[in-house]
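The values are calculated or read from the model by the stated rules, or taken from the named source; none is laboratory data. A quick note: this is a predicted structure, and the numbers were derived from the prediction, not measured. Methodologically, a virtual Cβ is constructed for each residue, glycine included, from the backbone with ideal geometry; neighbour enumeration extends over all protein chains shown.
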Amino acid sequence: MPAHPVCCATKSLLILLLAAGMVLSSGSRAYSQPSATDISRLLAEGKELQKQYKESEALAKYEQVLKQAPGNYEALWQAAVLSVHIGNRYTDETRKAAYFSAARLYSTRSLVVKPEGAESNYAEALALVNQATLLSARGRLVAYKEMKPYVFKAVEQAPKWADAWQLLGRWHYRVDHYNPLERAYSQFFLGGMPGSASTPQAIEALVKAHELEPKKIQFCYDLARVHLNRGQRTRASNVLQEAAQIVPVTSEELEISRRCRAMLIQLNRKMLKQLHQKVKKTL
């Protein structure tokens with residue numbers, strides 16, 4: 001008799017979470033000190049695999065490090081970020097949840113190791129916001145409130161880190177665009193709205209991310225969308241034209257590139273129509 005799909009999904013979730021927990025606890029049972037050379041080698045291999053866009057293999061390397069040295073800061077925050085990236089590739093919510101929960105385990109542990117670290121704070125904010133996508137409306141609001149200090153700390157500690165600026169920009173924009181019900185719920189049940197969020201600051205943060213890494217197509221996409229939502233068509237067009245010159249490498253980048261091109265085509269049509277209307281008025 002075939003296994004029930006829900007049962008299988010639940011088992012996969014438990015297996016992944018148990019694996020993450022075992023990785024973090026196994027080092028305490030070791031009888032000998034881990035070799036610094038082995039750890040350095042594994043970390044280097046993990047970084048090299050990331051450069052080759054082999055994120056699952058890179059995660060495995062960092063997990064090997066954590067089996068030997070469960071408090072290794074680099075391995076912890078990298079494992080958190082990679083778990084989020086990998087989880088986002090799945091459409092199945094159970095698998096997503098498993099990876100996002102593992103990411104949260106790693107990020108929380110990295111904060112224990114280095115509370116003021118830019119990377120640990122970024123990893124925690126990233127894990128929180130991605131977990132929020134699978135939560136109830138209340139859970140999402142709580143997550144956005146909780147992530148604020150972490151994303152602000154990440155930017156404060158690493159002002160040249162584009163990924164941190166992008167996450168900050170997304171936070172500003174999402175919170176500033178709470179609907180009336182979300183605002184009321186936050187005010188009455190969550191101790192108030194997360195303060196200081198604004199769309200101008202979202203644009204500023206996303207522009208900063210784009211300036212720091214102009215060849216990252218995700219940054220172009222995020223910035224162009226905000227410009228469009230603000231009615232800033234010329235600025236959006238300029239960013240989308242830059243995106244059109246970026247050669248996608250991964251399947252995710254290819255999809256974002258396709259979206260950028262579709263946005264640019266639609267925007268050009270609207271701008272051309274607007275130009276024709278202006279010309280008609282002058283005749």
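Here are some notes:
- The range 190-209, residues that are outside any loop (DSSP other than H, G, I, E, B), free of Cβ contacts under 8 Å to residues at least 40 places away in the same chain and touching a helix residue (DSSP H, G or I) at 6+ places or on another chain (Cβ under 8 Å): 199, 201, 202, 203, 204, 207
- Of the helices (runs of 4 or more DSSP H) lying entirely inside the range 31-107, the ones with 1 or more residues being in the same structural domain as residue 125 (by TED's automatic domain parsing) and touching a residue at least 24 places away in the same chain (Cβ under 8 Å) are found at 55-68, 73-87.
- Residue in the range 258-280 that is modelled with pLDDT under 95, surrounded by fewer than 19 Cβ atoms within 10 Å (Cβ to Cβ) and β-branched (Val, Ile, Thr) present: yes
- Residues in the range 210-219 that are in a helix (DSSP H, G or I) and out of contact with any Ser or Thr (no Cβ under 9 Å at 6 or more places or on another chain) were compared, and the one that is surrounded by the most Cβ atoms within 10 Å (Cβ to Cβ) is 219.
- Among the residues of the range 121-157, those that are part of a loop (DSSP other than H, G, I, E, B) and either crowded, with 23+ Cβ neighbours inside 10 Å or not small (Gly, Ala, Ser) (or both) comprise 133, 134, 135.
Conditions tested, residue by residue: (1) farther than 22 Å from residue 164 by Cβ; (2) of a type in the set (A, V, I, L, M); (3) touching a strand residue (DSSP E or B) at 6+ places or on another chain (Cβ under 7 Å).
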position	(1), (2), (3)
199	no, no, no
233	yes, no, no
240	yes, yes, no
259	yes, no, no
278	yes, no, no
281	yes, no, no
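- In the range 117-130 there is at least one residue matching the filter, namely being more than 19 Å from residue 58 (Cβ to Cβ) and over 14 Å from the mean Cα position of the chain (by Cα).
- Going through (1) out of contact with any Phe, Trp or Tyr (no Cβ under 9 Å at 6 or more places or on another chain); (2) among the small types (Gly, Ala, Ser); (3) in the same structural domain as residue 146 (by TED's automatic domain parsing); (4) at pLDDT 95 or above one by one, residue 236 falls short only on (3).
- Residue 259 out of contact with any Lys or Arg (no Cβ under 7 Å at 6 or more places or on another chain), more than 26 Å from residue 84 (Cβ to Cβ) and charged (D, E, K, R): no
- Hits in the range 247-283 - residues which are farther than 14 Å from residue 237 by Cβ and among the polar types (S, T, N, Q): 250, 251, 257, 277, 282
- Within the range 174-189, residues that are without any contact (Cβ under 8 Å) to a residue 24 or more places away in the chain and in the same structural domain as residue 141 (by TED's automatic domain parsing) reach partners that are of a type in the set (Val, Ile, Thr) and assigned to a helix (DSSP H, G or I) with beta carbons closer than 8 Å, at six or more positions or on different chains, in the pairs 177/199.
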